[in-house]
Amino acid sequence: MNPRLMLTLALAAAAVAAGCESSDPSSGDTGADAGPSGGSGGEPAGGDPAGGAGGEPQGGDVGGGGAGGETPDPCPDGPSPEVCDGVDNDCNGAVDDTGATETCNGVDDDCNGETDEGLGVGDACAVGTGACRAEGVQVCGEGDSAGLVVCDAAEGTPGEETCDGLDNDCNGTVDDREGEVCECEDGAVVECGSDVGACALGQQTCVGGQFGECTGATAPGAEICNGIDDDCNGTVDDRAGDACECTDGQTVACGSDVGTCAQGTQTCVDGHFDECVGATGPSAEIYDQQDNDCNGATDDVVCEPLASDFPAGPGFEGCVSQDLTFHAFNPDNISTIARTEAFDQIGDLLWNNAALAAAHFSDARQLYAVAEGIDSRVQRRYDQHFAASVPEGTNCRTAGVPAMYPDYCVGPGRILPIVVAAFDAGMAGQDMGTNAARIEAALLWFFYTSVYKESASCATAIADCDSSHAYYTAATPRGEPAGLARYVAATGAENHDRVFDGTLATHCWRELDNGEAAVNLDQQAIALGQLDVALDHAAIRILTTRLRAFVGAEGEARAAHWAFIGIWTQALDRAIRVRDAAAADSMVAIAAGDGADLDVDALEARLLALVPCP
């Protein structure tokens, strides 16, 4: 506390104490009145330290007087302006009550013991704006600012406004250069251009408040087919007007690698693939155990009729056979039907009989030998294909002629000896399965030869056209094959249809050329050619079917198949040899063996290649 204030308070307390009477009977005075300052009527025991009311004080008066004395005057010189000195200068009973407000002057104006308090003296402060701003602390002002709190910082001097991100002219606005707007701060660097596709960003530097040129960037170019977004529009190879189908230089395999085909290569040039180079393409399918047309299937030869073939070929228009149905010239007198039916009955007795016995051969022989039956025609059958190799007028029923011309006189010269020997052995109970197969193959040979022969002789005997069809299928409807037709149909419906149509071709020709003797022999040749090819193809199919059956068979069944193959190979020799003599010789050698290690696939391909289509 202020020393002056402490002194003033002490004096005031003493004055109050001096004017008060004590009422405490236990005080140290034994008289009626006693007090610490002195007695009022007698001398205190041991002397009155403060002095008595009427006597001399003992040991001096230190109390300033008794109840009957005068109180000292606190303002002996009169009132004066109150100041902070711990004294009641204005004598109003209150000490240091100046009533002043603290001002910034280095003085304790409000007498609270603190100087310039609450005015922010010493606090941080700043003056000016922008580049002119200066920082300092608050102090008491002087001169005109006396009594005020002021900042001791000195504001800077405004300069010329430049593009530097500062308020150089101290007007409160950054880079407000007069007459020219700052778009950037000098020295600032920004990216420019594009980084899409083939483009690359560059840089622009701010000079004089303006960005300069973009440097180091890669600009868009013309779009080409290179797998890059050259024009930097976000899309690769979107060339206008000529769409890219590939990337330049790109290579792809082309063509097929199926079957005999081999793939080549295509190269992309200017957005488009060029031609396929180095490929091996498909070819017409042939029978060679390969997929020539590269469709995934081997030897699936697709056959199309020749433009000259029945029914669409020229020269066949208008005949009733155009409905693809057999119409006999003499439907009530086709004796050949009985021969074909007898062949099927013999088959039921022999090669289709699981309980085959010698007696069955006897029964079958009776069917074979019936009057005007199969035997009667075997003994005189000739093969029209060999007609040019024998003297005109050769008669195969003349003794010795069959031995001279066995190929032409195929019935008595080749077929009959096989049939007779097999019947004899079978009836004797010898190798019955094998001998049944020999009879089967020999009689099929007869029917195979007869179909073509009857169509040829139809030129002078019109009824032979009916016989030709009956030798093939007993004049049954197309969908009910009999005799030889049943064997052909088993190799494939297409093969059967083509032979069936071949017989209709000769029938159609003869219907349109219906004199006692035909005159349009060119048209007959076309019809016979169609029939001949169909028959030869079907015969090869019968052989290959039996070859496959042989490979999968065992024991007696295997022996029976091989016996059939040996004879049927003879029946096919002419058809094979006229197309490939080496293949015919090969077949003769194979048939002379036992069939061991037989490559059926290779053999079938070689044979079918000779007559690929029916």
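Taking the criterion of being open to solvent by 20 Å² or more (accessible area, probe 1.4 Å), within 25 Å of R377 (Cα to Cα) and in contact (Cβ under 8 Å) with a residue 40 or more places away in the chain, would at least one residue in the range 504-512 satisfy it? No. Annotation note: of L484, L528, L521, the sole residue that is within 26 Å of D332 (Cα to Cα) and either open to solvent by 10 Å² or more (accessible area, probe 1.4 Å) or touching an Asp or Glu at 6+ places or on another chain (Cβ under 7 Å) (or both) is L528.
Within the range 403-418, work out how many residues are hydrophobic (A, V, I, L, M, F, W, C) and open to solvent by 70 Å² or more (accessible area, probe 1.4 Å).
Total satisfying the criteria: 2.
Exactly one residue among G433, G411 is over 22 Å from S468 (Cβ atoms) and of a type in the set (G, A, S), and that residue is G433.
Each row is one residue, and each column tells you yes or no for (1) over 56 Å from the mean Cα position of the chain (by Cα); (2) of a type outside the set (V, I, T); (3) surrounded by 12 or more Cβ atoms within 10 Å (Cβ to Cβ).
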residue	(1), (2), (3)
G296	no, yes, no
P311	no, yes, yes
G315	yes, yes, yes
G318	yes, yes, no
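Residues are listed down the side, and each one gets a yes or a no for (1) surrounded by 18 or more Cβ atoms within 10 Å (Cβ to Cβ); (2) closer than 26 Å to N520 by Cβ:
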{"site": "D383", "(1), (2)": "yes, yes"}
{"site": "V401", "(1), (2)": "yes, no"}
{"site": "V420", "(1), (2)": "no, no"}
{"site": "D424", "(1), (2)": "no, no"}
{"site": "G429", "(1), (2)": "no, no"}
{"site": "A442", "(1), (2)": "yes, no"}
{"site": "W445", "(1), (2)": "yes, no"}
{"site": "E454", "(1), (2)": "yes, yes"}
{"site": "S468", "(1), (2)": "yes, yes"}
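The residues listed here are V390, V378, V420; of these, the one that is of a type outside the set (F, W, Y), more than 24 Å from R339 (Cβ to Cβ) and modelled with pLDDT of 95 or more is V390. Looking only at the range 218-232, decide whether some residue is assigned to a loop (DSSP other than H, G, I, E, B) and farther than 30 Å from H272 by Cβ. No, the conditions are met nowhere in the range 218-232. When C261, C246, C192 are checked against the criterion of being within 30 Å of D599 (Cβ to Cβ), touching a residue at least 24 places away in the same chain (Cβ under 8 Å), open to solvent by less than 40 Å² (accessible area, probe 1.4 Å) and touching a strand residue (DSSP E or B) at 6+ places or on another chain (Cβ under 8 Å), C261 stands alone in meeting it.
Flag: W562 matches the condition of being out of contact with any Cys (no Cβ under 9 Å at 6 or more places or on another chain), open to solvent by 30 Å² or more (accessible area, probe 1.4 Å), within 27 Å of Q430 (Cβ to Cβ) and part of a helix (DSSP H, G or I). For first residues located in the range 337-352 and basic (K, R), partners that are open to solvent by less than 10 Å² (accessible area, probe 1.4 Å) and not in a helix (DSSP H, G or I) and lie 6+ apart or on another chain with Cβ distances below 8 Å form the pairs R339/G373.
Kindly check whether there is at least one residue in the range 485-501 that is part of a loop (DSSP other than H, G, I, E, B) and out of contact with any Gly (no Cβ under 6 Å at 6 or more places or on another chain).
yes
Of all the criteria given as (1) closer than 27 Å to V150 by Cβ; (2) open to solvent by 40 Å² or more (accessible area, probe 1.4 Å); (3) in contact with an Asp or Glu (Cβ under 7 Å, 6 or more places away or on another chain), the one not satisfied by V107 is (3). Report yes if T460 is of a type in the set (V, I, T), surrounded by fewer than 20 Cβ atoms within 10 Å (Cβ to Cβ), touching a residue at least 24 places away in the same chain (Cβ under 8 Å) and within 29 Å of T506 (Cβ to Cβ), otherwise no. Answer is yes for this residue.
Provide a single number: the residues in the range 142-154 that are part of a loop (DSSP other than H, G, I, E, B), closer than 16 Å to C125 by Cα and open to solvent by 40 Å² or more (accessible area, probe 1.4 Å).
3
For every residue, the table says whether it meets (1) more than 30 Å from D108 (Cα to Cα); (2) at pLDDT 90 or above; (3) open to solvent by 40 Å² or more (accessible area, probe 1.4 Å).
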{"position": "D123", "(1), (2), (3)": "no, yes, yes"}
{"position": "G156", "(1), (2), (3)": "yes, no, no"}
{"position": "T162", "(1), (2), (3)": "yes, no, yes"}
{"position": "N171", "(1), (2), (3)": "yes, no, yes"}
{"position": "Q203", "(1), (2), (3)": "yes, yes, yes"}
{"position": "G212", "(1), (2), (3)": "yes, no, no"}
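The values are calculated or read from the model by the stated rules, or taken from the named source; none is laboratory data. None of these values were measured; they are calculated from a predicted model. Methodologically, a virtual Cβ is constructed for each residue, glycine included, from the backbone with ideal geometry; neighbour enumeration extends over all protein chains shown. Please note that ligands, DNA and RNA were not included when accessible areas were found on the heavy atoms of the full protein model with its side chains. Shrake-Rupley method; radii C 1.70, N 1.55, O 1.52, S 1.80 Å.
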